[in-house]
Amino acid sequence: DTAVSQTPKYLVTQMGNDKSIKCEQNLGHDTMYWYKQDSKKFLKIMFSYNNKELIINETVPNRFSPKSPDKAHLNLHINSLELGDSAVYFCASSHASGRGYEQYFGPGTRLTVT
Amino acid sequence: GDSVTQMEGPVTLSEEACLTINCTYTATGYPSLFWYVQYPGEGLQLLLKATKADDKGSNKGFEATYRKETTSFHLEKGSVQVSDSAVYFCALSDPPGGTSYGKLTFGQGTILTVHP
């Protein structure tokens, strides 16, 4: 009965490859997010979807493309992977566009690009 | 833009010591404030939150008070345990009706290690 789940948990790949990370929440939330955590533990928002509509798109290379097939799912596709993409990617979800509400985080996907 | 500044870490304490992790913020209006905790190898969990000035959030012996006048939200615990060892993040988001769609702006995180 995991609230926010991500797959895979670990992803090791070579530069230039294309990979996807999937996220699912069973909390009935209407808003989902992708965050990137770098090697120094710093967390930064990348994208957010509300009811399948993109509402936040921070300054992220266009090699990153989020997709939300429905309110419960938010996937992240990365093209032409680079060494600097190595990080932990966290999915999160919340109620009511997130304003004032806590976000529930998935366990993270550790991406290593070699 | 909005920003959050946390005290530099890492912080190393002995069991039963007092803990304070300082957090200050810069934001327009009245943001909602949060403390999240990340245990080794896990995702973030909400520890506590406050949504208006002078609110006190508390959970698991941790407390933080929303101080509008000093734009601060310091995390405190009177007696830490080894199991409190983790990374602690202060964060803010816009309040209900805000325009940033609830995105969290995080501080840099503070690593806490508690020794027996």
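The values are calculated or read from the model by the stated rules, or taken from the named source; none is laboratory data. Quick caveat: nothing in here was measured; it's all calculated off a predicted structure. Note: ideal-geometry Cβ built from the backbone for every residue, glycine included; neighbour counts use all protein chains shown. The protein model used for the area step is the full one, side chains on, heavy atoms only, and it has no ligands, DNA or RNA in it. Shrake-Rupley method; radii C 1.70, N 1.55, O 1.52, S 1.80 Å.
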Notebook entry, point to check: All but one of (1) more than 20 Å from residue B:94 (Cβ to Cβ); (2) in contact (Cβ under 8 Å) with a residue 60 or more places away in the chain hold for residue A:103; which doesn't?
Noted result: (1)
Check: residue A:41 passes all but one of (1) facing chain B (nearest Cβ under 7 Å); (2) in contact (Cβ under 8 Å) with a residue 12 or more places away in the chain; which number fails?
Finding: (2)
Next item on the list: Take the stretch B:54-72 and flag every residue that is outside any strand (DSSP E or B), charged (D, E, K, R) and touching a Phe, Trp or Tyr at 6+ places or on another chain (Cβ under 9 Å).
Entry: B:54, B:55, B:68
Notebook entry, point to check: Tell me, which residue of the stretch B:27-43 that is aromatic (Phe, Trp, Tyr) and part of a loop (DSSP other than H, G, I, E, B) is most open to solvent (accessible area, probe 1.4 Å)?
Noted result: B:30
Item checked: Within the stretch B:44-69, considering residues that are surrounded by fewer than 20 Cβ atoms within 10 Å (Cβ to Cβ) and within 10 Å of chain A (Cβ to nearest Cβ), the one farthest from residue B:94 (Cα to Cα) -> B:45
Next item on the list: Go through B:72, B:79 for me and flag whichever is modelled with pLDDT of 95 or more, away from chain A (no Cβ under 11 Å), in contact with a strand residue (DSSP E or B) (Cβ under 8 Å, 6 or more places away or on another chain) and surrounded by fewer than 18 Cβ atoms within 10 Å (Cβ to Cβ).
Entry: B:72
Notebook entry, point to check: Hey, any hits in the stretch A:81-91 for a residue that's assigned to a strand (DSSP E or B) and open to solvent by 60 Å² or more (accessible area, probe 1.4 Å)?
Noted result: no
